[in-house]
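In what follows, a structure is listed as structure tokens, so that the remarks can point back to it.
The values are calculated or read from the model by the stated rules, or taken from the named source; none is laboratory data. Everything numeric in this text was worked out from a predicted model, so none of it was measured. As a convention, Cβ positions derive from the backbone with ideal geometry for all residues, glycine included, and neighbour counts pool all protein chains shown. Heavy atoms of the whole protein, side chains included, go into the accessibility calculation; ligands, DNA and RNA do not. Shrake-Rupley method; radii C 1.70, N 1.55, O 1.52, S 1.80 Å.
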Amino acid sequence: MIEKEITLNPEKTLEYIKNNVKKHDTLELSYNRVYAPGNVLDINIEEDWGDKALIVSLRLNGELVNDVVRVNMENIKNDLLEVRHVVDDNKDIIITVE
């Protein structure tokens with residue numbers, strides 16, 4: 001497996017997600033005390049209370065919780081610690097958020 005590590009600020013991390021993450025990729029979000037690994041179902045830019053927001057829909061890959069969640073990335077961008085983007089079985093990109 002090829003692993004690549006990059007460090008980005010919160011805004012650049014959202015840009016990376018918007019431009020590079022596709023449906024059926026795996027995305028692992030670590031923020032605050034939350035770890036949310038899941039398969040990407042959809043990525044949209046939607047209006048949330050009058051502001052544009054990047055919304056990522058994930059089917060969680062947990063043993064206890066495997067629901068579908070919609071994450072407003074604008075709301076958590078400053079709390080992000082790490083994002084792992086698994087494109088396929090051969091490529092892992094780890095983003096450390098500064």
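Return the loop-located trypsin sites (Lys or Arg not before Pro) in the range 1-76 (DSSP other than H, G, I, E, B) with at most 14 other Cβ atoms within 10 Å of their own Cβ; answer none if there are none. Before the final figure, lay out each step's value.
Numbers: sites: K4, K12, K18, K22, K23, R33, K52, R59, R70; in loops: K22, K23, R33.
Answer by residue number: K22, K23, R33.
Under 14 Å from a label point 7 Å along Cα→Cβ of N90: give me every residue in the range 1-44 with its amide N that close.
Within reach of a label on N90, which here means backbone N under 14 Å from a point 7 Å along Cα→Cβ, the range 1-44 contributes 1-3.
Report in % the part of the accessible area of the range 1-53 that belongs to carbon and sulfur, leaving out ligands and nucleic acids; probe 1.4 Å. If you can, show how the numbers build up before the last one.
Values: 1740 of 3730 Å².
Heavy-atom surface of the range 1-53 belonging to carbon and sulfur, 1.4 Å probe: 47 percent.
Quick one: net charge of R59's neighbours, Cβ under 15 Å, K/R +1, D/E -1? Don't skip to the answer; put the middle values down first.
On the way: positive: K22, K23, R70; negative: D25, E28, D42, E63, D67.
Cβ neighbours under 15 Å give a net charge of -2.
Please state the charge dipole magnitude for the chain, taken about the Cα centre, from unit charges on C-beta atoms (+1 on K and R, -1 on D and E), reported in debye and rounded to the nearest 20. Show your work: numbers first, answer last.
Working: 12 positive and 20 negative charges, 22 e Å.
It comes to approximately 100 debye.
W49 label point, 7 Å along Cα→Cβ, cut-off 16 Å on backbone N: hits in the range 58-98?
71-79
Give me the count of lysine pairs in the range 1-78 whose alpha carbons sit under 14 angstrom apart, restricted to pairs 8 or more positions apart or on different chains.
Values: K12/K77; K18/K52; K18/K77; K52/K77.
Taking the range 1-78 as the scope, the lysine pair count is 4.
When the label point is put 7 Å from the Cα of I6 along its Cα-to-beta-carbon vector, which residues of the range 69-93 have a backbone N closer than 14 Å?
So the set is 83-87, 92-93.
Per residue, how much accessible surface does the range 20-98 expose to a 1.4 Å probe? Answer in Å², no decimals. Please report the intermediate quantities before stating the final value.
Working: 4940 Å² over 79 residues.
Per residue, the range 20-98 has 63 Å² of solvent-accessible surface.
Using only the alpha-carbon atoms of the chain as identical scatterers, what base-10 log of I(q)/I(0) does the Debye formula give at q = 0.15, 0.19, 0.21, 0.24 Å⁻¹?
Values, matching the q order: -0.55, -0.90, -1.11, -1.44.
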